[in-house]
Amino acid sequence: MAILADKRILLIIGGGIAAYKGLELIRRLREAGAEVRCILTRAGAEFVTPLSLASLSGEKVFSDLFSLTDEAEMGHIQLSRAADLLVVAPATADLLARMAQGLASDLASTALLATDKPVLVAPAMNVRMWHHPASRRNRAQLAADGIHFVGPGEGPMACNEYGLGRMAEPAEILEAIAALLAPQARPLAGRRALVTSGPTHEPIDPVRYIANRSSGKQGHAIARALAALGADTLLVSGPTQEPDPPGVRLAKVETAVEMLAAATAALPVDIAVCAAAVADWRVSDCAQEKIKKRHGQLPSLALVENPDILAMLSRPGPARPRLVVGFAAETENIIANARDKLARKGCDWIIANDVSPAQGVFGGASNTVHLIAGAKVEDWPTASKDEVAARLAGHIAEALSGGA
Ligand SMILES: Cc1cc2nc3c(=O)[nH]c(=O)nc-3n(C[C@H](O)[C@H](O)[C@H](O)COP(=O)(O)O)c2cc1C
């Protein structure tokens, strides 16, 4: 973490149970050589004391927008600009809403509005708060405004519920800080990338649909990773619970036919990564009204094949992307089936993964994959989906620069 030496972090601590993890974050930042100044919200002070923050940071703690002494010492504008990076941990639902609205109603939100520096937020909240449409809207707005997110993770919560909303651990936040402060290598600058992600929903009638277990985690991570390397990235996503990745253009679709239309409209691109789990079939005649349940009578659904987006993008021709990468989700004979898919579809690489239920890949945070390119098979160690994405993006950058 040498990158953190002498970096100035303005850490904003909001009013959530996870505020205690902020103390550990300060300690780790200081160990890595960073200077840390803290803003503690009024609610944050209900969870941790200014004294703890001051002792750990070795700096005065700021809380009040209208403090004559603080303004005389260091105005709130200067406070927000004297840092290299602003970190909000925990970022409460309320503070994220204030940020998304551009409010400047207290010192934290004013500093966040007045800054000209990158901002990283580590949200922490109850799972229902996280999934609430208002929180989704705020996140989408913040992502569009260029705010960086780390977490939240999934797990048991202080409120006895389970789900997404746990603040990222200090080590993870530290890594995100280091990544943001590291000089960015942008080997894919000037390249256009298309990534498909998530499942598709194929309607049976107005209320029912055919779907699959894809979460979109891996595809979204790949879009983020390509964008981080500088690619102008369009993510065509089926219905997912994933937050919209920052710095990525997003086209939301429902069905395979819509996904194909959005993907082909994006051409020409240099890179296409088809990570979506596109439904193989759709109902040939989607009912206009809800199909009624009639005792003893089973409706019969006639299916037709969906368009093969990967094969279509791989077709030779002037619009073919230079590199087309497909995914093969297999439950048996992983490599053999993936090789077969590579040949059938005509793509350049296949990322094969074992999605048998025991692996917990669908919706899980990690993935064990194999990269198949022609006769070559690379077995990658089990890693987080973000790490798999970063590795794949690195390989893609290398291939396009002629290095592989
Ligand atoms: C015990 C307790 C725990 C709370 N935990 C959270 C939390 O984890 N996330 C959150 O968004 N709000 C939480 N809240 C609500 C916030 O404290 C409240 O919205 C507050 O206004 C946030 O202010 P701030 O954004 O200025 O820190 C909690 C409230 C209480 C009483």
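The values are calculated or read from the model by the stated rules, or taken from the named source; none is laboratory data. Please read all numbers here as calculations on a predicted model, not as lab measurements. Methodologically, a virtual Cβ is constructed for each residue, glycine included, from the backbone with ideal geometry; neighbour enumeration extends over all protein chains shown.
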Flag for LEU95 being within 26 Å of the chain's Cα centre (by Cα), under 20 Å from GLU46 (Cβ atoms), within 13 Å of the ligand (Cβ to nearest atom) and of a type outside the set (Ser, Thr, Tyr): yes
Taking VAL87 and the conditions (1) away from the ligand (no atom under 13 Å from the Cβ); (2) not in a strand (DSSP E or B), which numbered condition does it fall short on, given that it satisfies the others? (2)
Out of the strands (runs of 3 or more DSSP E) lying entirely within the stretch 164-278, which hold 2 or more residues that are among the hydrophobic types (A, V, I, L, M, F, W, C) and in contact with a Pro (Cβ under 9 Å, 6 or more places away or on another chain)? 192-197, 271-274
Taking the condition modelled with pLDDT of 90 or more and farther than 26 Å from GLU202 by Cβ, does TRP281 pass? no
Can you tell which of LEU68, LEU51 is within 30 Å of PRO156 (Cα to Cα) and either surrounded by fewer than 22 Cβ atoms within 10 Å (Cβ to Cβ) or not acidic (Asp, Glu) (or both)? LEU51
Within the stretch 90-124, track down each residue that is assigned to a loop (DSSP other than H, G, I, E, B) and among the hydrophobic types (A, V, I, L, M, F, W, C). LEU103, ALA104, ALA124
Say we look at the stretch 102-131 and pick out the residues that are over 15 Å from ILE39 (Cα atoms) and without any contact (Cβ under 8 Å) to a residue 12 or more places away in the chain; which of these is farthest from the ligand (Cβ to nearest atom)? GLY102
Could you please find all residues in the stretch 296-316 being part of a loop (DSSP other than H, G, I, E, B) and modelled with pLDDT of 95 or more? ALA302, ASN306, PRO307, ASP308, ARG315, PRO316
Here are some residues: SER63, SER57. Which one is of a type in the set (S, T, N, Q), within 16 Å of the ligand (Cβ to nearest atom) and touching a Lys or Arg at 6+ places or on another chain (Cβ under 9 Å)? SER63
Can you pull out the residues in the stretch 95-112 that are of a type outside the set (A, V, I, L, M, F, W, C) and buried (at least 18 other Cβ atoms within 10 Å of the Cβ)? ARG98, ASP106, SER109, THR110
How about the stretch 21-45: which of its residues are within 16 Å of the ligand (Cβ to nearest atom), more than 26 Å from the chain's Cα centre (by Cα) and either buried (at least 17 other Cβ atoms within 10 Å of the Cβ) or on the phi > 0 side of the Ramachandran plot (or both)? CYS38, ILE39, LEU40, THR41, ALA43, GLY44
